[in-house]
Ligand code: UFG
């Protein structure tokens, strides 16, 4: 079986990717420091604990498994933290990714699939966000990811490290079989926080800002089901296997939902009241991030079949009531 090195394979998206890789006939080798990931989430292949910035450890893991490609999910990914602690983001995300890329080149593992973000586009009112849009990230998280994209371009030129970059919009939902799901501590993402408020695990959901220039005053995002998202990664891996050129793909559906609309869907799907309070804006948030591209569908053959808001909430709700991890 072909080994794929999956950094962040113990995290929310990485664990779903491991399941998809195994189903597609690969062996996912998880490399994770377990700072935000969970050993319990590593169910589909071997686990190696380590830091992205630990070159000697990475060299050992590359030598032991001889992976055919890297899928690089491991990152700190919270906009709020990134605004408070940019140095931590630059160190972990940028220095860590640089070390990983150097180790991959050293090992001759030259196919690289990278998790980037629509946060690299920044706040661009009335601009269709396709892959050729200018990138003006407004927070340290988005800036760290854009920098890694730049490094990948340079590494391709110099070292032939071929890459597929996926710019994620907002990821939600969970594995419908309940093997893995979203479990952050502390939780900061809208859908799991909403479900916490619905079942009384927290008093209420705070809406971060209701004075944005949008129809209902709350931020608009493009939500994609985690299982659809990781399917795209398997297609991206095959794209590189076929020898196609390095490429950037947005992963979103093009449908924008305001925070209030997501709350409305969550109430309807769960048939429960959603306790909500209105709070101030969260620093670093963009008004609207919606993908204007279907390149992934046209070129990769990606079909995001599960990414309706109701389906994402249904799957997240099922996991929310039955699944969790323990340290
Ligand atoms: N929100 C609230 N209340 C909350 C939590 C979130 O109103 O308690 C709002 C946010 O302000 C935002 C929306 O819900 O408007 C979504 O917030 P999330 O924190 O769930 O997601 P973000 O949009 O901030 O960020 C996520 C990922 C990033 C990624 C980004 C791209 O965390 O890694 O999507 O938009 F870059």
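The values are calculated or read from the model by the stated rules, or taken from the named source; none is laboratory data. Here the structure is a predicted model, which is why all the values come from computation and not from measurement. We place every Cβ from the backbone using ideal geometry, glycine too, and count neighbours over all the protein chains shown.
Looking at the structure I just gave you, is residue 85 within 16 Å of the ligand (Cβ to nearest atom), touching a residue at least 60 places away in the same chain (Cβ under 8 Å) and either more than 20 Å from residue 17 (Cβ to Cβ) or surrounded by fewer than 24 Cβ atoms within 10 Å (Cβ to Cβ) (or both)? Taking the combined requirement at face value, the residue does not satisfy it. Residue count for the stretch 36-73 satisfying the condition of being part of a loop (DSSP other than H, G, I, E, B) and under 20 Å from residue 151 (Cα atoms): 5. With respect to the conditions (1) under 18 Å from the mean Cα position of the chain (by Cα); (2) surrounded by fewer than 23 Cβ atoms within 10 Å (Cβ to Cβ); (3) part of a helix (DSSP H, G or I), residue 142 lacks only one, and its number is (2). Being touching a helix residue (DSSP H, G or I) at 6+ places or on another chain (Cβ under 7 Å), farther than 25 Å from residue 113 by Cα and surrounded by 15 or more Cβ atoms within 10 Å (Cβ to Cβ) is a property that residue 326 lacks.
Out of 63, 68, 75, one residue alone is touching a residue at least 24 places away in the same chain (Cβ under 8 Å), touching a helix residue (DSSP H, G or I) at 6+ places or on another chain (Cβ under 9 Å), closer than 17 Å to residue 17 by Cβ and away from the ligand (no atom under 16 Å from the Cβ). It is 68.
Could you check the stretch 154-205 and list, in sequence order, the residues that are in a strand (DSSP E or B), over 19 Å from the mean Cα position of the chain (by Cα) and within 14 Å of the ligand (Cβ to nearest atom)? Let's see the steps before the verdict.
So in the stretch 154-205, the residues in a strand (DSSP E or B) come out as 162-168, 170-172, 205.
Filter once more, so that each one left must be over 19 Å from the mean Cα position of the chain (by Cα): 162, 205.
Answer for the stretch 154-205, where residues must be in a strand (DSSP E or B), over 19 Å from the mean Cα position of the chain (by Cα) and within 14 Å of the ligand (Cβ to nearest atom): just 205.
Considering the stretch 76-118, and only residues there that are out of contact with any strand residue (DSSP E or B) (no Cβ under 7 Å at 6 or more places or on another chain) and in a loop (DSSP other than H, G, I, E, B), the residue that is nearest to residue 62 (Cα to Cα) turns out to be 108. So, in the stretch 100-129, how many residues would count as being at pLDDT 95 or above and over 17 Å from the mean Cα position of the chain (by Cα)? Residues that pass the stated criteria total 12.
Taking the stretch 282-303 on its own, how many of its residues are more than 28 Å from residue 212 (Cα to Cα), touching a strand residue (DSSP E or B) at 6+ places or on another chain (Cβ under 6 Å) and crowded, with 20+ Cβ neighbours inside 10 Å?
To start, the set of residues in the stretch 282-303 that are more than 28 Å from residue 212 (Cα to Cα) comprises 295-303.
If we keep only those that are touching a strand residue (DSSP E or B) at 6+ places or on another chain (Cβ under 6 Å) too, we end up with 295-296.
Adding the requirement that they be crowded, with 20+ Cβ neighbours inside 10 Å leaves 296.
Result for the stretch 282-303: 1.
Within the stretch 222-279, the residues that satisfy the criterion of being within 14 Å of the ligand (Cβ to nearest atom) and assigned to a helix (DSSP H, G or I) are 226, 229, 259, 260, 261, 262, 263, 264, 265, 266.
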